[in-house]
């Protein structure tokens, strides 16, 4: 078992809080006028010295490459968290895409768990000696790419009460029923409780603690108390028995706790500069309906980290599931159908150059036009904009 001395898991609470929804322009003004400039990769402001130490230790752990004798594998996608979460700083995203696969059994989605699905782990710890990475099974009928997501500000998202997201869904059913989202109700692996999912492209994970443990297992093959069983390569237990270098649980929970500390206290993306064009674009964003799902503002609840308690922040997402029609990836995961995707947060958009869950779009215009299903109305409204309005809207998006 890999141990990190002096670490233990901590729990974090959240209390119900109402959603404040001021005019978008007032929100943007408040954000732009924040006192202390925050850079990508910084911790949130207001942390204690002890919390800053935990953040730094967590960041170091986040960047540490794993080895096979520490539990890496036997199949994995990369050797450290930072290898994929690196742009524009550690904790960000990248243009690395991973593969999900499955097949339809009549009208039922089969994640092909008996074949190692639905996430493909492309690398093995010793491919030349019988410990290879996985391949997509020949009888898989669905194959989807997933882009690495950024982690900035997720501690704030973690502290949003479940009731807030459920209330958002209810409000949308009353005010915009054609595009109303659905709260993703999942069983949180860390607590065993039903929670509202908010992390991952399908909102399939409810808490940062579980998100950390899930990634440790599925991206690097490191087991922990939350997920104590290794993945059998392509479902083959004989390969697992032969290739697994550490038979016991490989992380005692302190590594997962370190990742959680880092992500919890990682500051949200800093806003880019606003100008007259971007301010007009903000109004267009609201006018054509984008802000219904890409909700500009949420507020956290209580937290044992005071810097995260009762904080209003601007993720530009409702963290709900929406039927995206042809833009859905076909993968059933958590509470999400193959057509449903979580509303992607838009904060930090200005640092990216590939868009959508599968990184197919290299221009924001193409990403907007690809919206289908419940997103098709906004996409059609975008196509109806004048060239000047379209330009202003893109300026606004690039300022996020």
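We did not get these values from a lab; they are worked out from the coordinates using the rules stated. Worth saying up front: this structure is predicted, and the values here are computed from it rather than measured. Note: ideal-geometry Cβ built from the backbone for every residue, glycine included; neighbour counts use all protein chains shown.
Summary of values
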| quantity | calculated |
| --- | --- |
| Relative contact order [Cα under 8 Å, 6+ residues apart], the chain, whole percent | 23 percent |
| Helix 276-287 vs. the chain, principal-axis angle (Cα, 0 to 90°, nearest 10) | 80 degrees |
| Interatomic Cα distance distribution for the range 24-399, bins of 20 angstrom, percent | 28, 59, 13, 0 |
| Ascending count of other beta-carbon atoms within 10 Å, so fewest first, for 86, 45, 118 | 45, 86, 118 |
| Helix-derived mean residue ellipticity, 222 nm - over the chain, DSSP H n ≥ 4, -39500 (n - 2.57), to 500 | -8500 deg cm²/dmol |
| Gain upon complete extension [residue 229, residue 166; 0.36 nm per residue less C-alpha separation] | 19.4 nm |
| Cα gyration tensor, the range 49-106 - rounded (a/c under 1.5), prolate or oblate | prolate |
| Backbone N under 13 Å from the residue 353 label point (7 Å along Cα→Cβ), restricted to the range 83-118 | 87-88, 94-96 |
| In range of the label at residue 387: residues from the range 357-380 whose backbone nitrogen is under 13 Å from the point 7 Å along Cα→Cβ | none |
| Full-extension gain in nm, residue 286 to residue 242, via 0.36 nm per residue minus C-alpha separation | 10.2 nm |
| Whole-Å distance, taken between Cα centres, linking the range 188-251 and the range 120-155 | 14 Å |
| FRET efficiency for residue 105 and residue 302, using Cβ-Cβ distance with R0 set to 51 Å, rounded to 0.05 | 0.70 |
| Ordering of 102-114, 314-326 by burial proxy (mean other Cβ atoms within 10 Å per residue, highest first) | 314-326, 102-114 |
| FRET efficiency, 1/(1 + (r/R0)^6) with R0 51 Å, evaluated for residue 139 and residue 310 via beta carbons | 0.50 |
| Cβ-based exposure ranking for 360, 193, 100, in which fewest neighbours within 10 Å come first | 193, 360, 100 |
| Angle between the chain longest axis and helix 387-399 axis [Cα atoms, degrees, rounded to 10] | 50 degrees |
| Between helix 208-220 and the chain: long-axis angle, C-alpha atoms, 0 to 90°, nearest 10 | 50 degrees |
